[in-house]
Amino acid sequence: MSYVLALDQGTTSTRAIIFDKSGAAVACAQQEFKQLYPRPAWVEHAPNDIMGSVVGVISEVLVRAGLTAAEISAMGITNQRETTFVWDKKTGKPVCNAIVWQCRRTADYCEKLKSDGFAEKIYNKTGLVPDAYFSATKIKWILDNIEGARARAERGELLFGTVDTFILWRLSKGRIFATDYTNASRTMLFNIHSLEWDGELLRLFDIPRCMLPEVKPSGYRYGETDKSFFGSPIPVCGVAGDQQAALFGQACFAAGEVKNTYGTGCFLLMNTGRRAVKSRNGLVTTLAAGLTDKPDYVLEGSVFVGGAVVQWLRDEMKAIATAEDSERLARSVADNGGVYVVPAFTGLGAPYWDAEARGTITGITRGTTTAHIVRAALEAIAYEVCDLVTAMEKDSGMKLTRLAVDGGACANDFLMQFQSDILNCEAVRPKVAETTALGAAYLAGLCKGVWNGTEEIKQNAAADKIFTPNMPELTRFKLLEGWKNAVLKARAK
Ligand code: ADP
């Protein structure tokens with residue numbers, strides 16, 4: 001029997017899952033770690049907390065599965081993207097805590113980049129819009145603000161890595177210093193067309209090239225973990241950022257295939273094949289996970305508040321006791337009663353990009369109940385995803401025919417049916433909900449020959465439930481009009 005281990009290093013927790021050849025999860029272990037908020041809008045992770053959780057969950061999952069490290073054919077790593085580590089090449093000691101993707105400390109500098117006219121150049125090279133979210137300005141902040149860091153970096157004493165790189169380096173005792181295309185494409189330093197670190201951007205951000213890891217395909221023999229960690233070395237054969245890993249885990253290998261993850265936020269990714277599609281609608285262009293040195297391109301759009309609107313109903317509005325209750329309540333009314341919730345709590349992302357927009361509820365009458373508002377909030381998640389899909393269809397010229405869904409809120413059958421209705425296309429929920437970990441496992445297992453090709457993986461991909469559209473055209477049209485009007489009322493400009 002062949003087993004593949006996936007390590008999923010996320011923003012709030014680290015998980016390890018062992019999959020067998022059928023793609024079924026055999027065992028799972030999970031550990032949360034501390035979120036550090038040293039100032040408002042700053043978010044950090046302690047590198048040693050991350051490593052403690054990584055070693056902890058791998059050891060634990062082996063015990064739970066009753067396997068030794070020697071029985072693991074390959075390991076794949078998937079990770080929270082953009083989070084930035086800088087450490088000493090000799091001692092391995094980080095120069096400061098990791099700066100997490102959510103951290104806004106470089107927001108002003110990014111505004112300046114835009115007002116200085118760098119946005120187009122950066123987009124043309126990296127596919128990204130200048131934002132504090134991506135790694136480049138976080139590295140610059142470390143070099144500019146940690147005493148002695150810039151001089152040490154210039155002497156070649158410091159290394160930069162996203163989480164994957166830091167984990168690989170530590171688990172191999174410094175023998176592997178590498179990342180994959182998907183993680184590199186989120187740094188805002190990597191030219192996604194020439195597939196190289198970009199000299200001009202490195203000069204713009206004043207980052208020495210010698211700090212940067214080698215960039216490899218996502219499915220690639222990176223090396224082995226040092227045998228001191230788990231008793232025997234484990235071959236690491238896959239690395240991918242979480243969203244691209246989920247796209248791979250959903251078997252969206254062909255141009256036009258799309259997945260959406262319904263977590264705290266929503267992440268919609270469309271594989272556009274060998275074509276890097278330029279967005280005119282506020283999406284970013286990034287690289288897909290694959291096994292060759294010619295990765296496919298992806299259009300990516302995100303919504304800040306997805307499942308988080310359900311948390312808000314539960315924790316702030318006290319309208320529901322659990323997230324699951326939202327489904328029962330939504331079904332207790334025949335329709336939304338004319339109510340729309342626009343959950344623009346932190347502004348609106350793609351395709352509106354209105355940072356000043358705020359949450360709005362429209363269409364309230366004397367007869368409006370909590371159930372209507374809960375229903376409208378669930379429907380809002382589907383409308384937001386629909387707006388992203390529309391932007392993606394316009395940019396790519398490809399029509400969506402099937403949406404692969406995953407993430408915590410895809411467990412909600414009401415939401416999934418409404419999503420299918422409003423998009424007028426199938427929404428397919430997979431049996432193995434852990435698509436991110438599965439994607440990392442597939443990349444590693446394909447590279448190691450556990451699976452023979454993507455066809456075999458497609459056959460593994462069983463659906464738990466397929467939601468088919470069942471809404472009259474006129475109803476859909478009216479609902480979308482209602483949503484558009486509500487968004488207008490939420491907008492600041
Ligand atoms: P993340 O990875 O971003 O932490 P998860 O994929 O674990 O998110 O999904 C958690 C989110 O899904 C939460 O925002 C929660 O409110 C929402 N959620 C979970 N179950 C349901 C449900 N049955 N109906 C609606 N939303 C749900």
Whole-number Å³ per residue for the convex hull built on Cα positions in the stretch 365-493: 158 Å³
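Evaluate E = 1/(1 + (r/R0)^6) for residue 455 and residue 402, where r is the Cβ-Cβ distance and R0 equals 25 Å; express this FRET efficiency to the nearest 0.05. Numbers along the way, then the final one.
Numbers: r = 18 Å, r/R0 = 0.71.
Given R0 = 25 Å and the Cβ-Cβ separation, E is 0.90.
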Based solely on C-alpha atoms, express the radius of gyration and the Dmax of the stretch 6-153 in angstrom. 18.5, 58
Most to least packed among 470-480, 246-256, 186-196 [average Cβ atoms within 10 Å]: 246-256, 186-196, 470-480
How about the chain: what cysteines have no other cysteine beta carbon under 4.7 Å from their own? 28, 96, 103, 110, 210, 252, 266, 386, 410, 425
Mind computing the radius of gyration and Dmax over the alpha-carbon atoms of the stretch 245-306? Å is fine for both. 11.4, 35
Add -39500 (n - 2.57) for each DSSP H run of 4 or more in the chain, then divide by its residues: what number comes out at 222 nm, to the nearest 500 deg cm²/dmol? -10500 deg cm²/dmol
With 5 Å bins from 0: P(r) over the stretch 155-275, alpha-carbon pairs, percent: 2, 10, 17, 19, 18, 15, 12, 6, 1, 0
Got a sec? Charge dipole of the chain, +1 on Cβ for Lys and Arg, -1 for Asp and Glu; which of 87, 343, 72 is way out at the positive end? 87
Separation of the stretch 278-312 and the stretch 1-68 by C-alpha centroid, Å? 23 Å
Stokes-Einstein D for the chain, Kirkwood Rh over Cα pairs, 25 °C, 0.890 mPa s (µm²/s): 106 µm²/s
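Obtain the radius of gyration and the Kirkwood radius of the stretch 169-230 from its C-alpha atoms and give Rg over Rh. Don't skip to the end; give the middle numbers.
On the way: Rg = 13.5 Å, Rh = 12.9 Å.
Using Cα coordinates only, the ratio equals 1.05.
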Rounded to the nearest Å, the spacing of the alpha-carbon centers of the stretch 398-462 and the stretch 169-218 is 29 Å
Semi-axes of the stretch 233-386's equivalent ellipsoid from the Cα gyration tensor, sqrt of 5 times each eigenvalue, largest first, rounded to whole Å? 35, 18, 13
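Beyond 15 Å, what share of the Cα-Cα pairs of the stretch 1-84 is found? Please give it as a whole percent. Mind dumping the intermediate values first?
Numbers: 1981 of 3486 pairs.
Value for the stretch 1-84 (Cα pairs over 15 Å): 57 percent.
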For residue 477 and residue 30, what is the calculated FRET efficiency with R₀ set at 56 Å and r taken between the beta-carbons, to the nearest 0.05? 0.80
Over 28 Å (Cα to Cα) among 394/478; 89/114; 173/216 -> 89/114
How about residue 125: which aspartates and glutamates have a C-alpha closer than 13 Å to its C-alpha, ignoring those fewer than 8 places off in the same chain? 196, 198, 200
Can you give me the Rg/Rh ratio for the stretch 295-418, using Cα atoms for both radii and the Kirkwood formula for Rh? 0.99
Which listed residue (27, 404, 432) has the Cα farthest towards the positive end of the charge dipole for the chain, taking +1 on Lys and Arg C-beta and -1 on Asp and Glu C-beta about the Cα centre? 404
Counted charge near residue 439, where neighbours are those whose Cβ lies closer than 11 Å (Asp, Glu -1; Lys, Arg +1): -3
Once you list every other residue whose beta carbon is under 11 Å from the beta carbon of residue 109, what net charge do they have if Lys and Arg are +1 and Asp and Glu are -1? +1
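Computed from the coordinates by the stated procedures, all read-outs in this text should not be read as laboratory data. Remember, predicted model here, so these are calculated numbers, not experimental data. A quick note on method: Cβ atoms are made from the backbone with ideal geometry, for glycine too, and the neighbour counts reach across all protein chains shown.
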